[in-house]
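Dropping the structure in here first, questions after.
The values are calculated or read from the model by the stated rules, or taken from the named source; none is laboratory data. This one's a predicted model, so the numbers in the text were calculated from it and none came from an experiment. Reconstructed Cβ throughout: ideal geometry from the backbone, glycine too, with neighbour counts over all protein chains shown. We work out accessible area using only protein heavy atoms, side chains counted, and drop any ligands, DNA or RNA first. Shrake-Rupley method; radii C 1.70, N 1.55, O 1.52, S 1.80 Å.
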Amino acid sequence: SEKAGTYDRFWNRVMFPIMDANHKVIGFGGRVMGEGEPKYLNSPETKIFDKSRNLYGLNFARTARSGNIILCEGYMDVISLHQAGFTNAVATLGTALTAEQARMISQYAAEVVIAYDSDGAGQKATNRAINIFGEIGLPVRVLKVQDAKDPDEFIKKFGATRFKMLLEGAGSAMEFEIAKLRAKYDLDSPDGKVGFLKEFAGFMAGIRNPIERDVYVTKTAQELGVAKDPLLVQINYIIRQRAKSDEKKKARDLSVFASGPNERRDPQRMSNLKEALAEERLIGILLKNPDYHGDILGKIR
């Protein structure tokens, strides 16, 4: 630096070697000792060390043969879990979960258990991770860390046996979302119960699987002591309204794409508007996500 000259990038930090899936060190993470920012500092990114395409602990977790992978926030969470016998734990490298990391996890596990911190930032990151895993179709359960801020602290306070019980009781992503809705309302009051049920109906209307929807509607109605049928009527009404809205939007999209200079370049466009629109959206997706190219090429000539 201009003031101090040459200095150690990782001065006063505990060092964590970061390995790829084949146990080769590709970078380092350093956690500050005491106070200081940033709390964690990683090696600069290179062609070998790409934070969005690697996971801390995956070199061990991929051979754990437990059927699932526990996704944590920090290196210390992973180390504590491995020391306690949960060798299927991994963490992102100081960044938010990426689609590429989610796909890597799906190669080694049939299910992921999200064990993020219990604070607001951790809950927000959990929401984002649920959506990413949902897009690739990997089942998700969410660990509710109680009486501790993260898995590392929980194991230090209560031990591995209690953590195993916590793990076995982890709810589905659906249960996590419903619990989040419930927390917004006072369910002991009539107004709070009505407000929750309205929002719950809207959420259930977005669930495509009718069996899954019926299970959670039945369970919630029983817990709140309300009749199930009126709730289903409201949900079906919302589904119909959303379908009408989608049809109107498609009609608007087609009218926008029906005009302009594209017809001169693509004479078939006017007689195949839906196909043309789908084609352009697909190209847009590929421009934003070039790594999808192989998957799409396998399905479309």
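Looking for whichever is touching a strand residue (DSSP E or B) at 6+ places or on another chain (Cβ under 7 Å) and open to solvent by less than 30 Å² (accessible area, probe 1.4 Å) here; the options are 202, 195, 171. Which one fits?
Checking each option against the conditions leaves just 171.
Further question on the same structure: Given the structure, is residue 16 in a loop (DSSP other than H, G, I, E, B) and buried (at least 18 other Cβ atoms within 10 Å of the Cβ)?
So residue 16 fails the test.
Another question, then. Would you check which residues across region 145-158 are open to solvent by less than 30 Å² (accessible area, probe 1.4 Å) and either at pLDDT 95 or above or assigned to a helix (DSSP H, G or I) (or both) and list them?
151, 152, 154, 155
Look at region 19-40 and say how many of its residues are of a type in the set (Lys, Arg) and outside any loop (DSSP other than H, G, I, E, B).
1
From the list 115, 91, 102, 96, which residue is more than 13 Å from residue 152 (Cα to Cα), open to solvent by less than 10 Å² (accessible area, probe 1.4 Å) and either at pLDDT 95 or above or within 13 Å of the chain's Cα centre (by Cα) (or both)?
Answer to the check: 102.
May I pose another question? Considering only region 114-148, state which residues are among the charged types (D, E, K, R) and more than 17 Å from residue 167 (Cβ to Cβ).
119, 124, 128, 135
Related question: Just checking, does region 41-48 include any residue being assigned to a loop (DSSP other than H, G, I, E, B), under 18 Å from residue 167 (Cα atoms), in contact (Cβ under 8 Å) with a residue 12 or more places away in the chain and among the small types (Gly, Ala, Ser)?
No: region 41-48 contains no residue that is assigned to a loop (DSSP other than H, G, I, E, B), under 18 Å from residue 167 (Cα atoms), in contact (Cβ under 8 Å) with a residue 12 or more places away in the chain and among the small types (Gly, Ala, Ser).
Hey, another quick one. Free of Cβ contacts under 8 Å to residues at least 60 places away in the same chain, assigned to a loop (DSSP other than H, G, I, E, B), open to solvent by 30 Å² or more (accessible area, probe 1.4 Å) and β-branched (Val, Ile, Thr), is that true of residue 161?
In short, no.
What do you reckon, is residue 124 without any contact (Cβ under 8 Å) to a residue 40 or more places away in the chain, farther than 18 Å from residue 170 by Cβ and either open to solvent by 30 Å² or more (accessible area, probe 1.4 Å) or of a type outside the set (A, V, I, L, M, F, W, C) (or both)?
Criteria met by residue 124.
Then there is this: Out of 179, 221, which single residue is more than 26 Å from residue 120 (Cβ to Cβ), in a helix (DSSP H, G or I) and among the small types (Gly, Ala, Ser)?
Selected residue: 221, the only one of 179, 221 that is more than 26 Å from residue 120 (Cβ to Cβ), in a helix (DSSP H, G or I) and among the small types (Gly, Ala, Ser).
Does any residue of region 225-238 turn out to be touching a helix residue (DSSP H, G or I) at 6+ places or on another chain (Cβ under 7 Å) and modelled with pLDDT under 90?
Scanning region 225-238 turns up no residue that is touching a helix residue (DSSP H, G or I) at 6+ places or on another chain (Cβ under 7 Å) and modelled with pLDDT under 90.
I would also like to ask the following. Determine whether residue 109 is of a type in the set (A, V, I, L, M, F, W, C), closer than 27 Å to residue 198 by Cα, open to solvent by less than 60 Å² (accessible area, probe 1.4 Å) and touching a residue at least 40 places away in the same chain (Cβ under 8 Å).
So residue 109 fails the test.
Turning to a different aspect of this structure: Just need a number here: residues in region 55-74 that are out of contact with any Cys (no Cβ under 9 Å at 6 or more places or on another chain) and open to solvent by 10 Å² or more (accessible area, probe 1.4 Å).
Qualifying residue count for the region: 10.
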